[in-house]
Every structure is written in structure tokens, then in C-alpha cells.
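The next block holds one structure in the form of C-alpha cells; read it before the comments.
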Amino acid sequence: GDSVTQMEGPVTLSEEAFLTINCTYTATGYPSLFWYVQYPGEGLQLLLKATKADDKGSNKGFEATYRKETTSFHLEKGSVQVSDSAVYFCALSSSNAGGTSYGKLTFGQGTILTVHP
Amino acid sequence: DVKVTQSSRYLVKRTGEKVFLECVQDMDHENMFWYRQDPGLGLRLIYFSYDVKMKEKGDIPEGYSVSREKKERFSLILESASTNQTSMYLCASRRRIRIEAFFGQGTRLTVV
């Protein structure tokens with residue numbers, strides 16, 4: 001079955017440091033890949049997505065590239081801010097060959113990021 | 001903006017009680033989902049629905065049931081709450097032709 005593995009956390013950084021959160025996946029078909037973010041006390045928000053190999057998703061200074069050859073979708077940001085402190089989830093949604101699915105998401109275990117001033 | 005609203009942010013229930021968690025979305029989405037979030041385990045799918053009165057089991061349906069009588073509303077039911085169902089519950093919805101899912105703010109359920 002489908003699975004997503006994220007790097008173990010928590011991750012603690014100083015403001016303006018470089019961030020990488022690793023994510024690898026196994027899936028059948030042609031998955032779409034996502035990063036969701038959960039700020040304290042809130043639900044999940046979509047941060048970025050990629051739907052096919054070599055696509056790069058980007059938003060709010062975060063980037064991730066869909067690497068089919070390494071089955072990876074690592075999240076990066078060049079300079080983190082205190083306001084980026086949150087839990088980050090990598091997820092996938094498998095599609096059948098016709099490109100339709102019910103949109104079920106398979107999540108990684110989440111990575112807690114804390115950024116200090 | 002898409003809005004997915006869960007009826008309660010925090011709930012405390014007793015073991016053996018029947019518990020209803022309600023979720024409403026205002027964007028006419030066909031697909032709705034219930035996930036459970038536990039530390040170190042990420043989110044796991046309990047049940048989903050792809051149309052009114054239609055439902056499918058997810059990865060961890062044991063001890064839960066669902067109801068979808070109207071398109072905008074998807075209810076999660078704990079028939080007899082147990083302490084191992086203490087968790088954060090997240091509802092999500094999605095338009096069938098789109099890939100993004102939108103999440104509610106979550107309900108933190110404590111069973112004592």
C-alpha cells in the first residue's frame with residue numbers, strides 16, 4: 001500500500017537558517033504529492049503541491065520538487081522565520097490510470113519545527 | 001474561501017458514551033473525510049464519503065461509524081467511546097475534480 005516517511009523531528013532552528021525536511025514515499029499509480037502545515041491550535045492548511053514528476057511546488061518561500069527517480073518530495077526554505085514554527089506533514093494522493101480518485105490522503109508522521117529568534 | 005467547520009474544538013466524554021462529531025462544508029464538495037491525528041503517527045483515515053449516503057472504510061474504521069444524509073454534512077459517530085479513542089479528529093472535504101483537500105480546525109476529544 002501507499003506510505004509516506006518523513007524525517008524524524010523535532011527540528012529546532014534559529015531565525016534565517018536554511019530548512020530541509022525530508023520526505024520519501026511509496027505508491028502505486030501516479031501520485032500527487034503535498035505538504036500541509038498545521039499552526040498551533042489549528043487544522044491543516046495546504047502549503048504546496050506537485051502533480052507530476054519534476055514539478056516544483058512553491059508557496060511562502062517554501063519549495064519542494066517531485067523526484068520520481070528517488071521517490072522524494074523534500075521541503076526546503078532558504079531563510080526561516082519565527083512565524084514558520086508549526087507541524088509540517090508530507091502527504092500523497094494516489095490516482096488510478098484515469099486520473100481520478102476519491103482524494104484519499106496518506107500522511108507522513110509529521111515534523112515539528114520550532115524557530116527561535 | 002472554502003470553509004470546513006467542525007462543531008466542537010474540545011470535547012470530554014465518558015467511557016461508554018455515544019459521541020457525535022459533526023462537520024459541515026460550504027463549498028458543495030462531493031468528497032468528505034474523517035481523519036484521526038496522533039503524535040508520531042500523523043493522520044490516519046477513518047472513513048470517507050464520496051456522495052450523499054455513500055461511505056467507505058478507511059484504514060482504521062473499527063469503533064467508528066459515519067453518516068452523510070446531506071451533501072454538506074458528514075458526521076463521525078463513536079458508538080461506545082473508549083479511552084483509546086482520545087485523539088484529535090480532523091474533517092476534510094474536496095471537490096471531486098480537484099486534488100486539494102480542505103481541513104476543519106479539528107476536535108480534540110478526551111475520553112475519561
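If only residues of region B:51-72 that are free of Cβ contacts under 8 Å to residues at least 24 places away in the same chain and outside any strand (DSSP E or B) are counted, the one that is least open to solvent (accessible area, probe 1.4 Å) is B:Pro61.
The set of residues in region A:37-66 being closer than 20 Å to A:Thr114 by Cβ, assigned to a strand (DSSP E or B) and more than 8 Å from chain B (Cβ to nearest Cβ) consists of A:Val37, A:Gln38, A:Leu47, A:Phe62. With respect to the conditions (1) surrounded by 12 or more Cβ atoms within 10 Å (Cβ to Cβ); (2) within 20 Å of B:Gln85 (Cβ to Cβ), B:Pro39 falls short on a single one, namely (1). I'm checking my understanding of the structure. Among residues of region B:54-80 that are over 12 Å from the mean Cα position of the chain (by Cα) and more than 21 Å from B:Phe102 (Cα to Cα), which one is farthest from the other protein chains (Cβ to nearest Cβ)? Across region B:54-80, the extreme among qualifying residues is B:Ser80.
Just a yes or no: is a residue in region A:15-27 open to solvent by less than 50 Å² (accessible area, probe 1.4 Å), of a type in the set (Asp, Glu) and more than 9 Å from every other protein chain (Cβ to nearest Cβ)? Within region A:15-27, none of the residues are open to solvent by less than 50 Å² (accessible area, probe 1.4 Å), of a type in the set (Asp, Glu) and more than 9 Å from every other protein chain (Cβ to nearest Cβ). Suppose we filter B:Phe20, B:Phe48, B:Phe33 for residues that are part of a strand (DSSP E or B) and open to solvent by 60 Å² or more (accessible area, probe 1.4 Å); which single one remains? Step by step, each of B:Phe20, B:Phe48, B:Phe33 is checked, and only B:Phe20 is part of a strand (DSSP E or B) and open to solvent by 60 Å² or more (accessible area, probe 1.4 Å). Screening B:Leu78, B:Leu45, B:Leu11, B:Leu21 for residues that are out of contact with any Pro (no Cβ under 8 Å at 6 or more places or on another chain) and closer than 22 Å to A:Val87 by Cα leaves exactly one candidate, B:Leu45.
Somewhere in region B:9-16, is a residue buried (at least 20 other Cβ atoms within 10 Å of the Cβ) and at negative phi? No. Tallying residues that are part of a strand (DSSP E or B) and not basic (Lys, Arg) within region B:80-106 yields 9.
The values are calculated or read from the model by the stated rules, or taken from the named source; none is laboratory data. What you see is a predicted model; the values in this text were computed from it and never measured. Cβ atoms come from the backbone with ideal geometry, glycine included; neighbour counts cover every protein chain shown. For accessibility, only protein heavy atoms count, side chains too; no ligands or nucleic acids. Shrake-Rupley method; radii C 1.70, N 1.55, O 1.52, S 1.80 Å.
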